[in-house]
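To start, the structure under review is shown below, and the notes come after it.
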């Protein structure tokens, strides 16, 4: 698609998300825009870029997240090529967002039962997954600067949640993944948990309140806050539709309001940072 086609299609999805209080529409809008971002980079023509002033500010974070998927596929996980592609294609204010999906792609291709099943479905023509060679994370992550490694861990935690039975097994799994920053992984788990359970946010917020360990709870609640910031940035007014119900939930929503306000004052939303 052309640059203008991409912006128009992204804007249409974002417009539907803004026009409704339905969290399902807002959340599936994220997934649709993420997919479009990946497709745009995967098939980019010379001169196409996400560093385009016509790309609305509200769309830039999720567009750059999606770009991370396509960048991994184009680079084949080759670190230098991946970094160069991200830097050349990104708006500098949002250039860290793609690294989250570098982490999720590491989770997708990590050798396990999930990957074996996915490869089987791919061979059968039922699942379009690119044939990439998974890099061993401990050495691979040394190729990236510290902030990129934090975001990679966040995305890895996000994917581990989707591959796990519940929050507890996901947290246990990232605790064993020594190559990745544990706190960032836990934040990613909470972000994914929020998105997957967007239809019952009261349950999501209660999970944060009931975390038994202080350190885990702090990172988990940060993930819940950032999920709300992400919704609000893409669809302004979302936070106004939330009825907290408990003081803990109210504190999370207030923290999200402050984060979005700080991002708007700065001119850009920070990448998965609370």
Whether region 1-122 is rounded, prolate or oblate, judged on the alpha carbon gyration tensor where a/c under 1.5 counts as rounded: oblate
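Can you sort 55, 224 so the residue with the fewest Cβ neighbours within 10 Å comes first?
Ascending number of Cβ neighbours within 10 Å: 55, 224.
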Report, in deg cm²/dmol and to the nearest 500, the calculated mean residue ellipticity at 222 nm for the chain, where each DSSP H run with n ≥ 4 adds -39500 (n - 2.57) and the sum is divided by the residue count. -21500 deg cm²/dmol
Let me have the relative contact order for the chain, percent, based on Cα pairs under 8 Å that are six or more residues apart. 17
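Could the peptides 147-153, 174-180, 48-54 be put in order, highest first, of the mean number of other beta-carbon atoms found within 10 Å of their residues?
147-153, 174-180, 48-54
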Packing-based ranking, highest mean first, of 93-102, 236-245 given that Cβ atoms within 10 Å are counted: 93-102, 236-245
Just rank 185, 65, fewest to most, by other beta-carbon atoms within 10 angstrom. 65, 185
Residue separation between residue 43 and residue 84 times 0.36 nm, minus their alpha-carbon distance, gives in nm 13.1 nm
Contour excess over end-to-end distance, with Cα ends at residue 20 and residue 139 and 0.36 nm allotted per residue: 38.3 nm
Quick one, which of [x] 1.04; [y] 0.95; [z] 0.97 is the actual Rg/Rh (Cα atoms, Kirkwood Rh) calculated for this model? [y]
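The numbers here are math on the coordinates, done by the rules we state, and not lab data. Here the structure is a predicted model, which is why all the values come from computation and not from measurement. Methodologically, a virtual Cβ is constructed for each residue, glycine included, from the backbone with ideal geometry; neighbour enumeration extends over all protein chains shown.
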